[in-house]
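Structure first, commentary second.
The values are calculated or read from the model by the stated rules, or taken from the named source; none is laboratory data. These figures come from a predicted structure and were not determined experimentally. For neighbour counting, all protein chains shown are included, and Cβ atoms are generated from backbone atoms with ideal geometry for every residue, glycine included.
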């Protein structure tokens with residue numbers, strides 16, 4: 001436990017922390033819902049999750065919880081959506097996400113003070129996880145923070161059970177489950193829980209990436225061996241071999257990339273680098289850091305993304321543990337606690353203004369990021385007209401397939417079995433692997449031989465297409481630099497070509513102020 005803080009801890013901190021957390025939750029939830037209402041969420045990933053949750057809960061397509069990622073908890077969110085109407089489901093998901101992301105404040109304030117709670121509320125990664133659509137990844141934030149509290153309180157088996165949750169959220173977090181086992185070995189003399197946790201996490205990750213994802217997914221290049229990490233080799237063994245046998249090559253790929261250096265500076269600097277003072281908790285952050293820094297795809301090491309979810313709790317807990325000792329260390333050099341708190345608050349605030357998407361950030365006011373400018377939280381009459389047109393011209397039939405511009409996501413279009421980002425399903429049928437429980441009998445053969453049994457691959461063609469020329473243009477998940485117009489010639493050319501091709505296959509049944517709804521022509 002840290003030494004006494006000038007900012008309140010204990011019972012007073014508990015009450016203040018609860019009020020602080022409630023206020024923080026209200027801000028995050030309100031902004032996320034307004035962003036959805038203003039049509040500033042995206043197909044990747046809120047729309048995809050809405051479609052998958054609908055297919056799992058209403059369509060019985062259980063395998064979608066294992067398609068592309070292994071997400072056993074996805075049906076739980078499906079049940080959550082079933083508790084609400086179709087129109088309310090997106091709001092419910094966003095509100096639950098904001099609620100869980102605010103939870104660490106309630107837990108941190110009584111133990112580490114309101115300065116720690118403020119640091120968490122200012123941390124940019126929390127804001128992006130709340131405002132970048134919906135991802136189940138948010139569950140790893142409170143679960144890992146609770147793990148640390150339980151482990152350092154000596155409740156080892158309770159910590160063990162809590163550490164299992166991240167790997168059930170999504171398979172990359174199984175490596176953090178394994179890292180939690182290593183952390184337990186460091187803080188407890190009881191070796192069994194730590195060894196068992198490390199073993200379970202590693203085995204789960206291996207089985208998920210080597211067997212489960214390829215088995216359940218029709219697309220090629222999935223799992224750990226997909227494009228993001230293929231430069232390291234084919235298979236986990238080859239990748240580990242490359243990392244250890246070619247260390248200079250690996251280090252060059254990390255530290256020779258300015259974007260990755262910016263990522264490192266951002267995730268640690270936004271907490272004033274205090275997390276480095278107590279590095280033990282960072283053991284749990286290492287797998288998430290490694291996956292981001294070893295990836296060849298910029299999204300993985302982008303500061304404005306959800307991939308930092310696994311870093312939030314370890315870095316924040318290390319910050320909390322370092323806060324008291326750092327304050328005391330500065331005190332020995334004549335820096336009073338009040339001045340230390342003031343300087344720290346200014347550093348945290350500066351990092352927040354520079355990196356976060358909050359109402360006091362540069363992203364909110366400068367307009368350089370379409371999805372986080374203040375206009376993204378202001379539903380307009382034009383947005384309302386688009387929503388009205390979608391409800392009026394696109395049938396609610398869940399078997400009708402819809403292809404939508406990535407930046408034009410709306411729940412009424414997404415809550416169907418086949419829904420994806422334009423131009424998928426427009427010119428060519430889009431393949432989907434359809435499964436039954438009987439197909440699971442082929443798992444054993446697949447593990448033994450690597451040969452997938454014959455699968456029912458069903459292709460769908462979009463019946464309707466939704467496009468808006470006044471929103472960022474996307475080709476599936478590849479967008480362009482948007483400043484009111486597409487500033488990427490290649491993406492612009494591809495988008496316009498795909499749109500013009502679509503107009504030869506579809507009839508434009510609604511068009512207004514750059515927004516259009518297209519319906520497939522008979523026989524096309």
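Of the numbered criteria (1) over 16 Å from the mean Cα position of the chain (by Cα); (2) under 23 Å from residue 369 (Cα atoms); (3) without any contact (Cβ under 8 Å) to a residue 60 or more places away in the chain; (4) surrounded by 16 or more Cβ atoms within 10 Å (Cβ to Cβ), the one residue 266 fails is (3). For the stretch 62-91, the set of residues classified as under 18 Å from residue 210 (Cα atoms) and in a helix (DSSP H, G or I) consists of 63, 64, 65, 66, listed by residue number.
A quick yes/no check of all residues on (1) within 22 Å of residue 389 (Cβ to Cβ); (2) surrounded by fewer than 20 Cβ atoms within 10 Å (Cβ to Cβ); (3) under 26 Å from the mean Cα position of the chain (by Cα):
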{"position": "408", "(1), (2), (3)": "yes, no, yes"}
{"position": "413", "(1), (2), (3)": "yes, no, yes"}
{"position": "436", "(1), (2), (3)": "no, yes, no"}
{"position": "481", "(1), (2), (3)": "no, yes, yes"}
{"position": "485", "(1), (2), (3)": "no, yes, no"}
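Filtered by the rule that a residue be surrounded by 24 or more Cβ atoms within 10 Å (Cβ to Cβ) and assigned to a helix (DSSP H, G or I), the stretch 103-120 gives 104, 105, 108, 109, 112, 115, 116, 117, 119, 120.
The listed residues are 516, 499, and the only one of them that is modelled with pLDDT of 95 or more and in a helix (DSSP H, G or I) turns out to be 499. Considering the stretch 138-246, the qualifying helices (runs of 4 or more DSSP H), each wholly inside and each with 1 or more residues that are in contact with a helix residue (DSSP H, G or I) (Cβ under 7 Å, 6 or more places away or on another chain) and farther than 28 Å from residue 25 by Cβ, run over 156-163, 174-187, 191-207, 213-216, 236-245.
Whether a residue is surrounded by fewer than 24 Cβ atoms within 10 Å (Cβ to Cβ), at pLDDT 95 or above, assigned by TED's automatic domain parsing to the domain that holds residue 48 and within 25 Å of residue 34 (Cβ to Cβ) was assessed, and residue 100 passes this test.
Taking the listed residues 369, 384, 376, the one that is at pLDDT below 95, within 26 Å of residue 495 (Cβ to Cβ) and surrounded by 13 or more Cβ atoms within 10 Å (Cβ to Cβ) is 369, with no other qualifying. Only one of the listed residues (465, 426, 432, 443) is surrounded by fewer than 20 Cβ atoms within 10 Å (Cβ to Cβ) and in contact (Cβ under 8 Å) with a residue 12 or more places away in the chain. That residue is 443. Taking the criterion of being out of contact with any helix residue (DSSP H, G or I) (no Cβ under 7 Å at 6 or more places or on another chain) and either part of a helix (DSSP H, G or I) or at pLDDT below 95 (or both), the residues of the stretch 261-278 that qualify are 262, 264, 265. Of the residues screened, residue 303 is one that is part of a loop (DSSP other than H, G, I, E, B) and either at pLDDT below 95 or surrounded by fewer than 22 Cβ atoms within 10 Å (Cβ to Cβ) (or both).
Here the condition is being closer than 30 Å to residue 27 by Cα and surrounded by fewer than 19 Cβ atoms within 10 Å (Cβ to Cβ); of 335, 353, it holds for 353 alone. Just one of the numbered conditions (1) under 17 Å from residue 130 (Cα atoms); (2) assigned by TED's automatic domain parsing to the domain that holds residue 38 is not true of residue 297: (1).
When 408, 417, 440 are screened for being closer than 18 Å to residue 64 by Cα, in a loop (DSSP other than H, G, I, E, B) and not assigned by TED's automatic domain parsing to the domain that holds residue 212, only 417 passes. If I filter the stretch 317-326 for residues that are at positive phi and either assigned by TED's automatic domain parsing to the domain that holds residue 257 or modelled with pLDDT of 95 or more (or both), do I get at least one hit? No. Here is a check on your reading of the model: is residue 222 crowded, with 16+ Cβ neighbours inside 10 Å and modelled with pLDDT under 90? Answer is yes for this residue. Remark: residue 292 falls outside the filter, which requires a residue to be more than 23 Å from residue 67 (Cα to Cα), assigned to a helix (DSSP H, G or I) and assigned by TED's automatic domain parsing to the domain that holds residue 351. Among the candidates 134, 54, 44, 91, the residue that is at pLDDT below 95, under 30 Å from residue 384 (Cβ atoms) and in contact with a helix residue (DSSP H, G or I) (Cβ under 9 Å, 6 or more places away or on another chain) is uniquely 54.
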